[in-house]
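Notes follow the structure.
All of the numbers you see were taken from the coordinates with simple rules; none came from a lab. Note that the structure is predicted; figures quoted are calculated from it, not measured. Methodologically, a virtual Cβ is constructed for each residue, glycine included, from the backbone with ideal geometry; neighbour enumeration extends over all protein chains shown.
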Amino acid sequence: MSFVESEERIALRKAVSELGAKYGTEYFVAKARSGEKTTELWEEAGKLGYLGVAVPEEYGGGGGGIGDLAAVCEELAAAGCPLLLMVVSPAICATVIARFGTSEQKSKWLPGFADGTLKMAFAITEPDAGSNAHQLKTHVRRVGDDWILKGTKTFISGIDEVDAVLVVAIQKTGPVLVVVPTNAEGFTWHQIEMDLLAPEKQFTLFFDDVRLPDDAVVGSPDQGLLQVFAGLNPERIMGASMATGSARLAISKAVTYAQQRQVWDNPIGSHQGLAHPLAKIHIEIELARLMTQKAAALYDAGRDKDAGEAANMAKYAAGEAIAAAVDQAIQTHGGNGLTSEFGLASMLGMSRLSRIAPVSREMVLNFVAQNSLKLPRSY
Ligand SMILES: Cc1cc2nc3c(=O)[nH]c(=O)nc-3n(C[C@H](O)[C@H](O)[C@H](O)COP(=O)(O)OP(=O)(O)OC[C@H]3O[C@@H](n4cnc5c(N)ncnc54)[C@H](O)[C@@H]3O)c2cc1C
């Protein structure tokens with residue numbers, strides 16, 4: 001067991017961090033405010049192989065693991081560019097197709113994931129299901145050699161900028177994962193108005209008897225449940241990485257400000273009322289990063305069950321760390337914490353998101369209570 005990242009991983013972090021610095025918070029916030037996408041950044045990251053770092057080499061990817069992809073996501077977030085679609089497109093969708101897809105599906109989709117030219121959204125959440133995946137109603141049924149998809153999904157990120165969406169649907173034997181191109185007949189969506197400053201928008205999707213070919217279902221229809229669980233672990237690891245990256249950024253801004261700002265005889269950072277919370281959050285971020293790296297290592301070692309527990313814990317710890325980090329960074333800046341110039345208030349929505357999605361803080365605590373501690377469930 002090693003707590004030291006490989007030379008390659010350290011070099012990857014450095015290179016991605018340099019790319020992120022070329023864009024940075026101002027670029028990201030300007031795009032979000034104007035309703036534009038971070039296309040230039042996505043394309044450059046794709047060309048440099050960062051988005052496809054975990055795609056198998058035979059399909060043009062870097063042949064790395066989820067730990068490498070999580071490092072990319074974390075460093076971009078730490079540079080002020082938390083890319084929500086990284087959590088779904090290269091993490092859940094590419095991972096699931098690489099692990100479970102047929103050879104035709106892999107040849108069709110993976111090269112596009114490898115260079116970032118293909119983007120895929122992920123849709124599990126439904127209006128009446130939310131945290132309770134047992135209530136999912138969106139279903140597929142066989143008609144001849146085709147599949148017919150019907151149902152509604154909500155809070156789906158980025159549907160206006162992707163080529164397809166990986167949908168969790170129910171069929172006779174349980175859940176299956178279905179790839180639905182965004183131009184499929186009968187597939188419509190509408191944007192949800194959000195007070196969240198992010199270039200990626202959220203949508204409610206409507207599948208009105210969408211006819212899909214036989215190969216729309218990923219891999220074997222009997223493996224759906226396994227696929228969903230396998231996909232959710234990378235999602236949590238990536239969600240945690242994005243959160244720890246953004247938390248690092250918030251704390252580094254706070255520390256810089258606390259060293260420079262002086263309203264008494266010494267810089268405000270010398271007052272323990274500010275120094276201790278910053279130190280505490282720094283520790284919490286490092287703990288969350290450590291758990292995220294553990295979850296990624298377990299996932300990459302094929303230990304799905306252990307990875308599930310660690311990924312949930314990492315996601316919880318990272319969500320708490322970023323919420324505390326942004327809050328304390330704003331406090332450290334006084335009035336400047338709420339100005340556009342210092343770019344902290346614009347992080348508030350995303351910092352809260354980390355406690356809600358892709359799995360809420362309460363559902364992680366339920367998971368740990370029931371699975372790790374074997375306590376009875378109340379719901
Ligand atoms: C910006 C954004 C982007 C998103 N992107 C995607 C996406 O791309 N794809 C996708 O599929 N989904 C996406 N989601 C959905 C997200 O995963 C859900 O919002 C999240 O899982 C919570 O579900 P819900 O909103 O329905 O809350 P609910 O399930 O209604 O829960 C509401 C509250 O009740 C609590 N609660 C519920 N049940 C229990 C219980 N048993 N015990 C204790 N507390 C409980 C929850 O923790 C939460 O605090 C996104 C959401 C947001 C806000």
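Would you list Ile10, Ile322, Ile251, Ile170 from fewest to most Cβ contacts within 10 Å? Write out the running numbers ahead of the final one.
On the way: Ile10 12, Ile322 34, Ile251 25, Ile170 17.
Ordered by Cβ neighbours within 10 Å, fewest first: Ile10, Ile170, Ile251, Ile322.
What list of ³J(HN,Hα) values in whole Hz, one per residue of the stretch 55-62 in order, does the Karplus curve 6.51 cos²θ - 1.76 cosθ + 1.60 (θ = phi - 60°) give from phi, with Gly and Pro shown as x?
Whole-Hz 3J(HN,Hα) from phi for the stretch 55-62: 6, x, 4, 4, 10, x, x, x.
Could you work out the relative contact order of the chain? I mean the mean sequence separation of Cα pairs under 8 Å and 6+ apart, divided by the number of residues, in percent.
It rounds to 15 percent for the chain.
Suppose only helical runs count, i.e. DSSP H with n ≥ 4. What mean residue ellipticity at 222 nm does that imply for the chain under -39500 (n - 2.57) per run, divided by all residues and rounded to the nearest 500 deg cm²/dmol?
Value at 222 nm, helices only, nearest 500: -16000 deg cm²/dmol.
Express in nm, to one decimal, how much length is gained between His134 and Asp300 on full extension, taking 0.36 nm for each residue of separation and deducting their alpha carbon distance.
On the way: separation 166, 0.36 × 166 = 59.76 nm, distance 2.76 nm.
Contour length minus Cα-Cα distance gives 57.0 nm.
Check the straight Cα-Cα distances from Lys106 and name the lysines below 23 Å, setting aside those fewer than 8 residues away within the same chain.
Straight-line reach from Lys106, under 23 Å: Lys47, Lys119.
For the chain, what is the charge dipole size about the Cα centre, in debye to the nearest 20, if Lys and Arg each add +1 at the Cβ and Asp and Glu each add -1 at the Cβ?
Values: 35 positive and 44 negative charges, 188 e Å.
Using only the charged Cβ atoms, the result is roughly 900 debye.
Find the Cα radius of gyration of the chain, compare it with 2.2 N^0.38 Å by division, and give the number to two decimals.
Dividing the Cα radius of gyration by 2.2 N^0.38 Å gives 0.99.
Dipole of the stretch 121-223, Cα-centred, from +1 at each Lys and Arg C-beta and -1 at each Asp and Glu C-beta, to the nearest 20 debye?
400
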